[in-house]
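Just below is one structure, and these are the notes that go with it.
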Amino acid sequence: MSLMLDEIRSQPEVIKALVSSERDNIRSLAKEINDRGVNFSLIAARGTSDNAATYAKYMLGIIAGMPVGLAAPSIFTLYGAHPRLDHSLVIGVSQSGQAADVIEYLENSKKCGALTACVTNEEDSPITKTADFTMLCHAGPEKSVAATKTYTSTLADFAMLSFMLGKRDDLLASLAGIGDKIEQVINSLEDVIARRAERYRYMNECFVLARGINYATAFEGALKLAETCYVNAERFSSADFMHGPIAMINEDIPCFLYAPTGAAFDSMMGAARKLKERNAELIVVSDNDEILSMATTPFKIPFTVEEELSPIVYIVVGQLFAQYLATAKKHDPDHPRGLSKVTITR
């Protein structure tokens, strides 16, 4: 049906290959981080990679106890600043490995004393020649412009690093099985999503909400809708949404909620109740029957997964929805207008 759909369906095997192949490599990076006394991290990225960096911000902070900031490449590329980065880890994320501003950020960070690493899908790309350590996605060629398998594999790299730094062998064991969980989601929900996406054929705007570790899922889900379906998809933390944007809600603007079981669930449940009071149309992705019962369009995840790993699973629903909504709107999800696979910014 499309390259994007093929690549969505390939994710179970991609994640399995990554977990097997990158374990020793990432363990070496974790050891170097500990040996050098690194106590904070910065991550430089753009687009989908930036959404993966948001996931890493939560994971490294929660699991490894390492404060993380999302880097502003223009500090170097536009302003020529020289921040003090000793005892820091700077990670550049670029699926193509060609992001010029991210590479320049890594080069300058190294000069400022940082340990550097990168996440990429291209083993021989320019970014790997700059970083001290490389974490690979093992996703194979990604031909569709909209990133899918490189996004979830980037999350898996960050999850593995966090679990190793935090000595969470239990979560490492769960990560080894996450490919099977993705396969369950595709098998149980793809046909359902294909049918229900038709309802939103004339949707031009929506809100996408999540909280905590899945904040990245809201951003990435919204990006997929924007770039493949040309929908104005505004993304928010459910907490931030209550502080003003909820005033925009009416029954004509659908709201996507990513709400897995976990520490952030009660906040999402509260948001769902307030949205229903305003007659909002809810599209809910969850394993919880109570919040799903409030949805106009529910997508039930057929199992409960650790919240730390849920973004790798839950975004697959968003990817599939974007794919089938794009085709319902008669758009080509593989070739979004005005976009190319590699975007170079400085």
Practice item. Considering only Tyr200, Tyr215, Tyr324, give the residue with the highest GNM mean-square fluctuation for the chain, with springs between Cα atoms whenever their separation is below 10 Å. Key: Tyr200
**Study point:** In sequence order, calculated HN-Hα J values of segment 196-209 (Karplus, 6.51, -1.76, 1.60; Hz; x Gly/Pro)
**Key:** 7, 4, 4, 4, 9, 4, 9, 6, 10, 8, 6, 10, 10, 10
Exercise for review: Have a look at Val313, Val19, Val192 and tell me which one the Gaussian network model of the chain (Cα, springs below 10 Å) gives the largest fluctuation.
Suggested key: Val192
**Study point:** Heavy-atom SASA rank of Tyr79, Tyr230 (probe 1.4 Å, accessible area, largest first)
**Key:** Tyr79, Tyr230
Point to revise | Under 5 Å, built H, 5+ apart or other chain: amide partners of Phe133 | key: Thr116, Ala117, Cys118
Review point. What does the accessible area of Asp6 come to, in Å² to the nearest 10, when a probe of 1.4 Å is used?
Key: 80 Å²
Check your understanding: Averaged per residue, what accessible surface does segment 35-179 expose to a 1.4 Å probe, in Å²?
Key -> 35 Å²
Revision key, fill the gap. Mean accessible area per residue over segment 196-346 (1.4 angstrom probe, all protein chains present, square angstrom) is 40 Å²
Study note, to complete from the structure: If amide H atoms are modeled at 1.01 Å from N in the peptide plane, then the residues at a separation of 5 or more from Phe256, or on another chain, having amide H under 5 Å from its own are Phe207, Val208, Leu209, Ile283
**Study point:** Helix-only CD estimate at 222 nm, as mean residue ellipticity for the chain, using -39500 (n - 2.57) per DSSP H run (n ≥ 4)
**Key:** -15500 deg cm²/dmol
Review point. What lysines could a cross-link reach from Lys276, if we take a straight Cα to Cα line under 23 Å and drop same-chain neighbours fewer than 8 places away?
Key: Lys300
**Study point:** Integer Hz, Karplus 6.51/-1.76/1.60 couplings in order for segment 62-72, x for Gly and Pro
**Key:** 7, 7, 9, x, 10, x, 10, x, 8, 5, 10
Review point. By the gyration tensor of its Cα atoms, with a ≥ b ≥ c the square roots of the eigenvalues, what is the shape of segment 196-279: rounded for a/c under 1.5, prolate for a/b over b/c, or oblate?
Key: oblate
Check your understanding: Is the shape of segment 1-109 best called rounded, prolate or oblate, per the rule: a/c under 1.5 gives rounded, else a/b larger than b/c gives prolate, else oblate, with a ≥ b ≥ c the square roots of the Cα gyration tensor eigenvalues?
Key -> oblate
Check your understanding: Karplus couplings for segment 49-57 from phi (6.51 cos²θ - 1.76 cosθ + 1.60, θ = phi - 60°), rounded to Hz, Gly and Pro as x?
Key -> 4, 5, 5, 5, 5, 5, 4, 4, 4
Practice item. With a 1.4 Å probe and every protein chain kept in, tell me what percent of the accessible surface of segment 53-168 is carbon plus sulfur. Key: 50 percent
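The values are calculated or read from the model by the stated rules, or taken from the named source; none is laboratory data. Quantities reported herein were computed from a predicted structural model and do not represent experimental measurements. Protein only, heavy atoms only, side chains kept; ligands, DNA and RNA dropped before computing areas. Shrake-Rupley method; radii C 1.70, N 1.55, O 1.52, S 1.80 Å.
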